[in-house]
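A short worksheet on the structure shown next.
The numbers here are math on the coordinates, done by the rules we state, and not lab data. Since the structure is predicted, the reported quantities are computational estimates derived from the model, not experimental observations. Counting neighbours? That spans all protein chains shown, and the Cβs are built from the backbone with ideal geometry, glycine included.
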Amino acid sequence: MSDAVLVIGGGPAGMEAARSVADLGSRVVMVEKRDRLGGTPDEAGYAALTPSFESAEEALDRMRAGVVDRPEVTLHLGSTVVEASGEAGSFSVTLQNAKGERVTEEVGAVILATGFQHFDPGRETQMYGYYEHEDVITLVDAEKMLKAHEFVRPSTGEKPRNVAFIQCVGSRDRRIGNEYCSKVCCGISSKQAIEVRRLVPDAKVYIFYIDMRMYGYWENQIYWPAQEEYNVNYIRGIVTEVVKKGDRLLMKGEDTTMGRPMEVLMDVIVLAVGMEPSLGTRSIASIFGVPQNKYGFIEVPGEPMDAVTTGVSGIYVAGAAAGPKDLEDTVSMAGAAAVKAVGLLRAKAKGAA
Amino acid sequence: MSDFMQRGLDKVQGVTEVEEAVIDGIDVSGYWSRMLEERTTLDFPTDALDWITGLAGGESLRDCYQCGKCIPVCPIQHVGDYGPWKLFRKVQRGNDLMADPDLWLCTTCANCLRVCPKQVNLLEIMPALREQAILQGSMPDELGEVFANLQKKGNPQGESPRKRANWATDAGVDVPIISELGRKVDVLLYVSDYTSYHPRGNDAARAMARVLTTLGVDWAILGKEEKSDGDSARVAGERGLFEMLAEQNIETLSKYEFDKLVVMDPHAYNAFKNHYPALGGTYDVMHYTQFLAPLVDRMEFKDRVELSTTFHDPCYLGRHNDEYDAPRKLLEAIPGVELIEMPHYKKNGYCCGGGGGGMWMDSVVDPHVSERLSERRVREAVDTGAGTLAVCCPYEPSRFEDAVKSTGHEGQLDVRDIIELLDRAMHPTHYNTSEAEAE
């Protein structure tokens with residue numbers, strides 16, 4: 001019997017889960033493979049959050065403050081889980097740091113918050129040429145430029161005249177194996193399109209899409225302003241080929257609202273890469289024997305009414321380890337997972353007494 | 001190689017229509033040359049969209065997210081290949097619409113705005129764009145003539161302003177002119193253009209005079225001082241002309257005292273209610289159906305009018321000003337009238353084609369439609385089985401009566417203004433006498 005909850009992963013899901021468990025008065029053991037908290041938004045250098053445009057760094061700092069220097073939280077940075085055994089109420093988990101030093105923690109419940117990784121555009125089946133053309137970049141690459149408050153053609157350092165975002169790269173694609181929608185890319189592309197128009201007012205910015213998936217308030221907070229105030233051009237139809245023409249990129253596709261082909265020269269093409277389970281999510285699932293779905297994300301059998309309980313008793317999941325999630329989903333799941341984990345500990349403690 | 005094939009190799013980028021083109025002896029000028037368009041889009045030029053959305057009134061065109069809801073409700077789409085979204089796509093492809101026939105097809109019926117989730121407002125976009133086309137000198141000749149008439153004569157027909165109240169002679173009752181009364185009246189009746197000058201409009205004007213008199217209303221008209229309200233010129237793109245007419249009417253009205261301004265024409269009602277206030281003319285304005293509907297209990301009907309009737313909602317009374325009940329209340333009050341609604345009614349009423357300058361542009365619109373909107377509407381009315389098509393907009397009797405003939409339904413559908421039906425039930429002897437005289 002242990003009174004601690006193990007939180008694996010130090011991104012938004014993990015930080016929120018750890019803070020919530022601590023706020024509920026239970027002990028937290030937190031493990032993060034990098035040397036700092038923040039997860040993918042930190043590692044990939046997100047600039048502004050969608051849809052609020054709030055600084056990602058400031059938002060992450062607030063989250064960090066919720067877990068560091070708290071008596072309830074034992075933090076293992078630069079460490080990973082290498083072994084696990086036991087069952088709900090009494091798991092024994094072995095952690096290892098970069099030096100190879102091991103430590104074993106006894107915990108009663110586990111929250112998996114190991115997140116996602118961005119789709120590698122080298123795997124896409126169209127001819128987008130991410131690894132051939134310098135000016136074909138991903139949302140992540142674009143975000144880095146935007147964080148530095150510049151947006152240029154990587155090949156020349158000049159300001160672009162035409163910028164295209166191509167949606168659904170690595171998502172909604174049976175051939176690739178990712179049949180799901182990655183949920184956030186439409187919003188992030190639109191957010192970046194606004195930022196590009198702010199930085200390069202003379203640039204024409206296009207978003208080529210199959211369906212714009214701007215659910216809830218993203219519709220009026222991101223999509224409509226992008227179109228109405230920032231004059232972003234939304235063209236329905238997906239690009240199927242990018243070829244070099246002179247020093248620019250010739251983008252070929254079908255304009256499906258007009259029912260005719262398009263061949264338009266672009267200076268920068270941003271691929272809206274979707275989400276895949278991170279390596280950490282895949283390995284942690286096998287270490288704990290937690291069932292994964294066909295895409296490798298942690299399976300959540302009780303969905304939609306229980307979004308956090310995995311197929312193994314005492315183990316919960318929060319955030320994009322369970323599939324494509326936005327930040328609202330992620331922190332909501334973290335809170336729910338914390339409540340369920342602490343609830344389990346208390347039920348076990350009561351049973352033991 | 002045939003001319004056609006050679007032509008086929010040409011790139012006609014950015015050109016949606018060739019004004020004059022004869023290929024292999026076949027005339028494919030204008031509309032028919034759309035087949036010559038370059039198929040592949042080589043650019044998405046934003047100049048046209050930027051220019052249009054930079055015009056006062058043109059702003060909302062950019063907001064289109066291409067859901068296409070406007071297309072099935074657009075009356076032109078039922079008889080042709082046109083709709084607000086299609087217009088947007090043309091603009092997105094670089095067409096500024098200045099030389100495009102589509103610019104003159106919209107009747108400003110407001111059915112697209114009713115369904116548009118983004119409130120793309122053709123009622124503002126169209127006048128703004130047409131104004132630019134007029135400034136560039138590319139307006140249809142038919143419209144130019146009407147504008148000249150409005151400017152010189154104060155009415156679209158080019159009739160003498162002195163004849164504006166000639167209809168009153170045969171009204172059978174005294175028609176007071178406010179300048180001659182020299183006192184305040186309860187109701188000033190704004191007769192409007194087509195009611196004043198068109199023979200079928202005259203019938204409605206005289207019926208209105210008799211009904212008001214029998215009801216004991218203290219009323220008068222402006223007589224030859226009345227000028228066109230200008231609303232259709234406004235939406236046809238001549239805002240300057242509209243303002244001129246409005247200022248003249250406002251000045252005339254300022255000379256007299258009256259409680260209510262009652263108008264026969266929904267277009268005039270729209271102008272007085274929604275556009276004159278900004279120019280300094282604020283009135284307690286009512287469409288005649290709104291004025292009469294509360295008075296039905298005071299109406300003494302001397303005869304039953306055995307009629308199955310359908311009713312055409314005028315766009316400018318219904319969708320533009322949200323009045324659907326008053327005309328129906330009047331119709332239902334008439335003993336013997338059975339009202340059968342058409343499939344398109346009230347908020348989804350089908351346009352007669354007369355609004356937005358359409359009244360004056362049939363010859364411009366005809367080449368782009370399979371039939372006139374009035375013809376389509378008449379077919380819908382005939383299909384209800386009703387023998388009478390009741391209307392309450394003076395644009396309609398002439399439009400629908402022409403359409404009854406052209407669709408081969410002569411004798412099957414009688415087009416009547418509601419005021420004529422009321423008058424007939426209230427004053428049957430007048431009709432009996434008239435008919436006797438006619439024989």
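Using only the C-alpha atoms, the convex hull of chain B corresponds to 151 Å³ per residue. The C-alpha radius of gyration of the range B:364-403, expressed as a fraction of 2.2 N^0.38 Å, stands at 1.22. Tell me, how many Å apart are the Cα centres for the range A:84-99 and for the range B:321-392? Between the Cα centres of the range A:84-99 and the range B:321-392 lies a distance of 78 Å.
Mind checking B:172-185 for the average number of partner chain beta-carbons within 10 Å of each residue's beta-carbon?
Details: counts 0, 0, 0, 0, 0, 0, 0, 0, 0, 0, 0, 0, 0, 0.
Going residue by residue through B:172-185 and averaging, the value is 0.
Shown in residue order for the range A:71-77 are the 3J(HN,Hα) couplings computed by the Karplus curve 6.51 cos²θ - 1.76 cosθ + 1.60 at θ = phi - 60°: x, 6, 10, 9, 9, 10, 8 Hz (x for Gly and Pro).
Based on other C-beta atoms within 10 Å, arrange B:67, B:352, B:112 from fewest to most.
Values: B:67 12, B:352 29, B:112 25.
Least crowded to most crowded, the residues run B:67, B:112, B:352.
With both bridge residues required to lie in chain B, what share of the DSSP beta bridges run antiparallel, to the nearest 5%? Don't skip to the answer; put the middle values down first.
On the way: 4 of 26 bridges.
Taking every DSSP beta bridge within chain B, about 15 percent pair in antiparallel fashion.
Take the cross-link list A:99/A:325; B:69/B:347; A:183/A:294; B:153/B:273; B:153/B:260; A:245/B:90 and give me the ones stretching past 22 Å between alpha-carbons. Result: A:99/A:325; B:153/B:273; B:153/B:260; A:245/B:90 exceed 22 Å.
Among B:134, B:23, B:71, which one shows the highest mean-square fluctuation when chain B is modelled as a Gaussian network with alpha-carbon springs under 10 Å? Maximum fluctuation in the GNM of chain B, among the listed residues, is at B:23.
Mind pulling the angle between the C-alpha long axis of helix A:12-23 and the longest principal axis of chain A? Nearest 10 degrees, somewhere in 0 to 90. Here the helix axis deviates by roughly 30 degrees.
For A:186, B:393, the sequence from fewest to most other C-beta atoms within 10 Å is A:186, B:393.
In chain B, the longest principal axis of the Cα atoms and the axis of helix B:122-135 are about 70 degrees apart.
Where both bridge residues fall in the protein assembly as shown, DSSP classifies roughly 40% of the beta bridges as antiparallel. Our note on the geometry: Cα centres of the range A:1-59 and the range A:106-171, 23 Å apart.
Only helices enter this figure: runs of n ≥ 4 DSSP H residues, each worth -39500 (n - 2.57), summed and divided by the residues of the protein assembly as shown, yield -9500 deg cm²/dmol at 222 nm to the nearest 500.
To one decimal place, what orientation-averaged projected area in nm² is obtained for the convex hull of the Cα set of the protein assembly as shown?
Working: hull surface 183.2 nm².
Approximately 45.8 nm², given one-decimal rounding.
The Cα trace of the range B:47-135 gives Rg and Dmax of 11.6, 32 Å, the first to one decimal, the second as a whole number.
List the pairs from A:33/A:348; A:33/A:147; B:184/B:224; A:159/A:204 whose alpha-carbon separation is above 21 Å, in the order I gave them. Don't skip to the answer; put the middle values down first.
Values: A:33/A:348 30 Å; A:33/A:147 24 Å; B:184/B:224 18 Å; A:159/A:204 11 Å.
The answer is A:33/A:348; A:33/A:147.
Measure nothing fancy, just the Cα-based angle from helix A:327-352's long axis to the longest principal axis of chain A, in degrees from 0 to 90, nearest 10. Tilt of helix A:327-352: around 10 degrees. Result for chain B in a Gaussian network model with C-alpha springs under 10 Å: among B:314, B:394, B:117, the largest mean-square fluctuation is at B:117.
State the antiparallel share, in %, of DSSP beta bridges confined to chain A, rounding to the nearest 5. Can you show the working numbers first?
On the way: 34 of 69 bridges.
DSSP beta bridges in chain A are roughly 50 percent antiparallel.
Here's how it looks for residue A:170: its modeled amide H is under 5 Å from none belonging to a residue 5 or more places away or on a different chain.
Could you rank the peptides A:122-128, A:229-235 by their average count of other C-beta atoms within 10 Å per residue, with the highest value first?
Details: A:122-128: 15.3, A:229-235: 18.4.
Packing order, densest peptide first, comes out as A:229-235, A:122-128.
What is the fewest-to-most order of B:388, B:252, A:104, B:195 by other Cβ atoms lying within 10 Å of their Cβ? Provide the component values of the computation, followed by the final result.
Working: B:388 23, B:252 15, A:104 11, B:195 28.
Ordered from fewest to most neighbouring Cβ atoms within 10 Å, B:388, B:252, A:104, B:195 come out as A:104, B:252, B:388, B:195.
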